[in-house]
Structure formats: C-alpha cells, structure tokens
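What follows is a single structure, written as structure tokens, with notes after it.
The values are calculated or read from the model by the stated rules, or taken from the named source; none is laboratory data. Bear in mind that the values here come from a model prediction, so they are computed numbers and not experimental data. FYI the Cβ positions are ideal-geometry reconstructions off the backbone, even for glycines, and counts take in every protein chain you see.
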Amino acid sequence: FRVFRFLLDHIKGPNSLKIKYFLPEFFQQLIFHSEENRHQPLLKLWLGPIPIVAIYNAENVEVILTSSRQIDKSYMYKFLEPWLGLGLLTSTGNKWRSRRKMLTPTFHFTILEDFLDVMNEHANILVNKLEKHVNQEAFNCFFYITLCALDIICETAMGKNIGAQSNDDSEYVRAVYRMSDMIHRRMKMPWLWLDFLFLMFKEGREHKKSLEILHNFTNNVIAERASEMKKDEERGSADKDSSPSENKRRAFLDLLLNVTDEEGNKLSHEDIREEVDTFMFEVLYIIMLFSGIIK
C-alpha cells in the first residue's frame, strides 16, 4: 500500500475516498474529478486500499491498448474468476497469449451470418412483446432486451435455445441475473472482498448457489455437444453427403471443441467452459453498460 502511494504520489487526484464513494455516487465523483483535472494526463483515485488511475487522454490510452506487455487485469477482475475462470478476459501472461492465438480465428463474421435467422427469430419475439406497450405508459424495456440477448447469445455461443423470452423465470436466467448483480455489489463493498468473509454473508451463499447452476448448465451443454460430435465422427457423417445449405450451424462451442494449439492439443472441457461463459458475460455486460441509454 505504501509503495503504491509513493509511486502514484505525483499523479493528481484525491488522496483518499470517503465511504460514500463505494456506493454508486463513486462514479459521479469520478466524473467530477475528471472534469476538474481535465488538463492533466492522468487522474488518481482510491477505492479503499485499491488505487485507480483513470486515463482519458487518447495518446495515453493508445499506449496501453497497443502494448503487448501491459495485459495484467485490475484487482476487480478477481471477482469474475469464480464464474469465468481464467479465460481470455481474466487471464494474463503466456496463458492469455496462447489462448488469444487459438481463439482469434473463431471470432469471424461468417459465424454471425450463419445465425442471422436465429437473431431475426428472437428479435421478432422481442418486437411482439414491445408492441403490447404501444400507446401505453412509459416502461423500462431493458428487461425485455436482456432476455432477447440471452436467447441470442445462448444459441450462437452454445447452440442451445433456452427460451428466456418465453420463460424468464427459468433457473438459468435467474442465476445469470443474480450472479451479475452480486458481482457488481461485491465490487462496491470492500468488506466482501475477502473470500472467507464473503461466504459468511447471505450474498456469498447466494453467489455459491448461482455459480453451481451456471457451471452445471454450461458443463451439461458442452458434454452433450461433445457427445453428438463424437457420434457424428463415428458414423462418418462429416457432411460429405449434405449440401452446404443442409449443414448444421456451427456455434461458438462447436469451434472451441475443435480448435487446437500449435502442438495439436485441444482445449479441455473446463477451458471451453471458461471461454463460453466469458463470451456470455461480455455480451451481457455491454448491454448493461448501455442500459441508461436504452432507458
């Protein structure tokens, strides 16, 4: 802590934060100090014992984003690891470099093009739900949009239709919402940062229960799809007798089950779960970031 304070002493910003800064008002204070120190290249803030250096100068941002060395994630990413493991978002070092090299080919627009029909199908369900509110009082459409996104993500990432828009009370959907909420709440409550203390609170017990539901769901989907692909290989049905239009869509999961590193090694089921869960989280997080605009 003292080393951090010494190294960051030359950066402008408040030397301490009051407890209210751990609440949503913290982000309002971040905006306030950013405006107040706009002429400075960097801004320093403290979230409890954790230092935060805010960068809003384009030249400085470019240095960080183009660096192949500065890939370590902030302390707050630790709270994602129970759910996402050490996937592309949370890992660092050689594991991150190796995983990134393996996964880059899987992020291709052709995957999205193959699932345009799926996206349109779920989007039409969303439109039908929203039409019921036409000429009615103002309402929060964020919930409808996230359910639609869940349907699209699950089918494009895992090849699984969970029907979130038709059954928003499903165990998996509720677990996704609870987990996302608890992670954000934990980030704002320093007394819950230590794992052994976190598990003593109600939030920690709910976190553990939701985590089990999420991992079991993804593990079951991976096992089912791996079994299907193995049976296809045994039958020799490598799409030789099918036209391209008859070929089954290849979800992100299908690509992960086949991807190999430079030595020909495939990802383990745990590795695949990390990346599938990471993909799910990242898309939902982007939607949550823009929830204010949606409202």
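Return yes or no: is H122 surrounded by 18 or more Cβ atoms within 10 Å (Cβ to Cβ) and outside the structural domain of E36 (by TED's automatic domain parsing)?
Details: surrounded by 18 or more Cβ atoms within 10 Å (Cβ to Cβ): yes; outside the structural domain of E36 (by TED's automatic domain parsing): yes.
Yes.
For segment 1-56, enumerate the residues that are modelled with pLDDT of 70 or more, among the β-branched types (V, I, T) and not in a loop (DSSP other than H, G, I, E, B).
Hits for segment 1-56 are V3, I31, I50, I52, V53, I55.
Could you grab me the full set of residues in segment 88-110 that are under 30 Å from F142 (Cβ atoms) and in contact with a Lys or Arg (Cβ under 7 Å, 6 or more places away or on another chain)?
L88, T90
With I111, I64 as the choices, which residue is modelled with pLDDT under 90 and not assigned by TED's automatic domain parsing to the domain that holds H269?
I64
Can you confirm whether segment 271-288 contains a residue that is surrounded by fewer than 16 Cβ atoms within 10 Å (Cβ to Cβ), basic (K, R) and at pLDDT 80 or above?
No: segment 271-288 contains no residue that is surrounded by fewer than 16 Cβ atoms within 10 Å (Cβ to Cβ), basic (K, R) and at pLDDT 80 or above.
Looking at segment 96-111, is at least one residue under 30 Å from L8 (Cα atoms), surrounded by 11 or more Cβ atoms within 10 Å (Cβ to Cβ) and not small (G, A, S)?
yes
Can you tell me which condition S180 does not meet? The list is (1) more than 16 Å from the chain's Cα centre (by Cα); (2) surrounded by 15 or more Cβ atoms within 10 Å (Cβ to Cβ), and all the others hold.
(1) is the only condition that S180 fails.
Assess whether F198 counts as being surrounded by 18 or more Cβ atoms within 10 Å (Cβ to Cβ) and within 28 Å of D254 (Cα to Cα).
For F198, the condition - surrounded by 18 or more Cβ atoms within 10 Å (Cβ to Cβ) and within 28 Å of D254 (Cα to Cα) - is not met.
Kindly check whether there is at least one residue in segment 190-198 that is of a type outside the set (A, V, I, L, M), within 18 Å of V283 (Cα to Cα) and either at pLDDT 90 or above or assigned to a helix (DSSP H, G or I) (or both).
No.
Is at least one residue of segment 146-156 of a type in the set (G, A, S), at negative phi and surrounded by 17 or more Cβ atoms within 10 Å (Cβ to Cβ)?
Among the residues of segment 146-156, at least one is of a type in the set (G, A, S), at negative phi and surrounded by 17 or more Cβ atoms within 10 Å (Cβ to Cβ), which makes the answer yes.
Which condition breaks for L88 when tested against (1) closer than 20 Å to R250 by Cβ; (2) in the same structural domain as Y285 (by TED's automatic domain parsing)?
All conditions are met except number (2).
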